[in-house]
Amino acid sequence: MPLRHAVSECLRNAVSVSLTLFRVMVPIIIVVKVLRELELISYLAVPLEPVMELVGLPASMGLVWATALLNTVYASMVVFVSLAPEAGLTVAQTTVLCTILLIAHGLPVELKIAQQCGVSMLAQGLIRVGVGLACGLALHGVFEGFGLLQQPGGVFWTPGAEPATLAAWALDQARTLGFIFCIIFALMLAMRLLERLRVTDLLQYLLRPVLRRMGIGPQASTVTIVGLTLGLSYGSGLIIHESRSGRIGQRDLFHSMTLMGLAHALIEDTMLALLLGAHMSGVFWGRLAFSLLFMAVLVRITATMSDGAFARLFMRRGAPPTPAAATAGEGPPPG
């Protein structure tokens, strides 16, 4: 295929996928902005206060997680920095909090994106919040039981100034959306190049044993790796493109989106947590290990379910069924 034609096709696909994402993201970004301006997010923190105490955190940290659940990791970092001096957290407590919010954050946008990929918003939301809490409990038990990371925590980041006007905020959001489009376009070009060089075949071969245990077939493996390393928006953007082609079956879609939801942006999000004083053992290794363990159990459970029961529980209502071979993660349907 000529280079010009390949670039043109990738550009068209990037525009199509980005518009799909932006139709989801823009209304939710506006709604969350209104909630923040009206200071309504603090009400969500009230039911989270006893949950925070359950994992060994001060009740005030409920506001940090509430902000993360409705907004972004960056927004929760600002709240954390304002509350951390009075809370007097240890490194262990900071690690537990950051691990929880890295697993479950930005749910309005990210769950809607997951729905666009064909999976159930409710199932994804329950899984992410539940696994986040379970991982937090496990880390708290280990740190407390063995007396690990009990030294006082320290924050290594100072937030920049919030946009002074609504126009400045809107311009900042527009830049972010433009950056997302550029990344998706670049990723599609990179994917096309890697396919031509057969690098994706090599990656699939090397990672097939691990991803197969996670219920992710070869057609979804490369885009899953993108989501794990770079982020859910980029990974799911590629998933949307691949799912429209019919190459990824329902079970692959669900398992891929679930793993990306639990452990996405392993590079960027981990670095952000380290700036807040969290420890690598929890925010990277603990999060990744717990996510893989959960996925191994989940795959065993879903393997016992019929296609109909699986679709009712875990897939978006009205999502088109896929042929048996693709659904089982055995590659694209014949013909």
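The values are calculated or read from the model by the stated rules, or taken from the named source; none is laboratory data. What you see is a predicted model; the values in this text were computed from it and never measured. Every residue, glycine as well, gets a Cβ built from its backbone with ideal geometry; the counts of neighbours run over all protein chains shown.
Quick notes on this one:
- Note on region 164-194: among residues that are in contact with a helix residue (DSSP H, G or I) (Cβ under 7 Å, 6 or more places away or on another chain) and not hydrophobic (A, V, I, L, M, F, W, C), the one that is nearest to Val17 (Cα to Cα) is Arg192.
- Residues of region 58-91 satisfying the condition of being surrounded by 20 or more Cβ atoms within 10 Å (Cβ to Cβ) and in contact with a strand residue (DSSP E or B) (Cβ under 9 Å, 6 or more places away or on another chain): Leu89, Val91
- Counting only residues that are outside any helix (DSSP H, G or I) and under 18 Å from the mean Cα position of the chain (by Cα), region 21-71 holds 1 of them.
- Out of Thr158, Thr176, sole residue that is of a type in the set (S, T, N, Q) and part of a helix (DSSP H, G or I): Thr176
- Residues that are crowded, with 24+ Cβ neighbours inside 10 Å and within 9 Å of the chain's Cα centre (by Cα) do not occur anywhere in region 241-256.
- Considering (1) part of a loop (DSSP other than H, G, I, E, B); (2) touching a residue at least 24 places away in the same chain (Cβ under 8 Å); (3) under 24 Å from Ser76 (Cα atoms), the lone condition that Leu148 does not fulfil carries the number (3).
- Flag: Glu37 does not match the condition of being within 24 Å of Leu97 (Cα to Cα) and among the acidic types (Asp, Glu).
- In summary, Phe143 fulfils each of the numbered conditions (1) free of Cβ contacts under 8 Å to residues at least 40 places away in the same chain; (2) buried (at least 20 other Cβ atoms within 10 Å of the Cβ); (3) closer than 22 Å to Met280 by Cβ with the single exception of condition (1).
- For region 1-29, filtered to residues that are among the hydrophobic types (A, V, I, L, M, F, W, C) and surrounded by fewer than 12 Cβ atoms within 10 Å (Cβ to Cβ), the residue that is farthest from His105 (Cα to Cα) is Met1.
- Test for Met271: is it closer than 30 Å to Gly88 by Cβ and surrounded by fewer than 17 Cβ atoms within 10 Å (Cβ to Cβ): yes
- Residues being in contact with a Ser or Thr (Cβ under 9 Å, 6 or more places away or on another chain) and part of a loop (DSSP other than H, G, I, E, B) - total across region 72-126: 4
- Number of residues in region 154-191 that are in contact with a Gly (Cβ under 6 Å, 6 or more places away or on another chain) and either loosely packed, with under 14 Cβ neighbours inside 10 Å or closer than 29 Å to Ile239 by Cβ (or both): the value is 2.
- In region 203-225, residue modelled with the highest pLDDT [restricted to those that are touching a Leu at 6+ places or on another chain (Cβ under 6 Å) and of a type in the set (A, V, I, L, M)]: Met214
- Residue in region 20-35 that is more than 22 Å from Met260 (Cβ to Cβ) and touching a residue at least 40 places away in the same chain (Cβ under 8 Å) present: yes
- So Leu194, is it more than 26 Å from Ala114 (Cβ to Cβ), free of Cβ contacts under 8 Å to residues at least 40 places away in the same chain and assigned to a helix (DSSP H, G or I): no
- From Gly154, Gly125, residue being closer than 23 Å to Val79 by Cα and in contact (Cβ under 8 Å) with a residue 40 or more places away in the chain: Gly154
- The listed residue being in a helix (DSSP H, G or I) and within 23 Å of Thr99 (Cα to Cα), out of Ala168, Ala134: Ala134
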